[in-house]
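Peer 1: I have a structure I would like to understand better, so I am pasting it below and will then ask my questions one at a time.
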Amino acid sequence: MGNPTMNKPDRSTELVRRAVWTLNQGDASGSEIGADWMDYGDKCVQVTGTFGAGTFVWQGSNDGVNWGTLNAAGSGTAISLTSAGVRQVIENPLFMRPAVTGADGTTALTVTLVAKRATLGRD
């Protein structure tokens, strides 16, 4: 599984977090983010790169075992992309991760999640 590179762009207030994953045929599911992201309810996911035959999905789970595709704000439809895009995430489950289904040898995606905390809480 692709482990994300994480940082906190807004270090002074801890209001914003960012995680970046690289997905391809060999690493089709990114490592999940968990409970330490629950206070960051405002989440926006972006995917760029070469899709090949792959379809990007943003997944969530409350048990870390059973995963489902989460939905985009505005449209209410599943976050499932075959080309570059940005989507605001409606749900805020305990665990979330990126995944690509149907990846082939040309699939090389970069997934960036930016999350904002509504109020300054514990870290």
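Peer 1: If R₀ is 22 angstrom, what is the calculated FRET efficiency for the pair THR110 and THR55, using the beta carbon separation as r and rounding to 0.05?
Peer 2: 0.90
Peer 1: For the chain, with all protein chains present and a 1.4 Å probe, just round the carbon and sulfur fraction of the accessible area to a whole percent.
Peer 2: Percent of accessible area from carbon and sulfur atoms in the chain: 49.
Peer 1: Roughly how many Å² is the accessible area per residue of the chain, as a whole number, for a 1.4 Å probe?
Peer 2: Value for the chain: 50 Å² per residue.
Peer 1: Charges at C-beta only: +1 for Lys and Arg, -1 for Asp and Glu. How large is the resulting dipole of the stretch 24-114 about its Cα centre, in Debye rounded to 20?
Peer 2: Values: 3 positive and 8 negative charges, 51 e Å.
In debye, rounded to 20, the stretch 24-114 gives about 240.
Peer 1: Restricting to Cα pairs below 8 Å that are 6+ residues apart, what does the relative contact order work out to for the chain? Please round to a whole percent.
Peer 2: In percent, rounded to a whole number, it is 39.
Peer 1: Please work out the Cα convex hull volume for the chain and give it in Å³ per residue.
Peer 2: Taking only Cα atoms, the chain has a hull volume of 94 Å³ per residue.
Peer 1: Right, next: Taking the stretch 46-98 on its own, what percent of its Cα-Cα pair distances exceed 13 Å?
Peer 2: Summing the P(r) tail past 13 Å for the stretch 46-98 gives 57 percent.
The values are calculated or read from the model by the stated rules, or taken from the named source; none is laboratory data. No experiment lies behind these values; they were computed from the predicted model shown. No Cβ is skipped: glycine too gets one built from the backbone with ideal geometry, and neighbour counts run over all protein chains shown. Side chains are part of the model used for accessible areas, which takes the heavy atoms of the whole protein and leaves out ligands, DNA and RNA. Shrake-Rupley method; radii C 1.70, N 1.55, O 1.52, S 1.80 Å.
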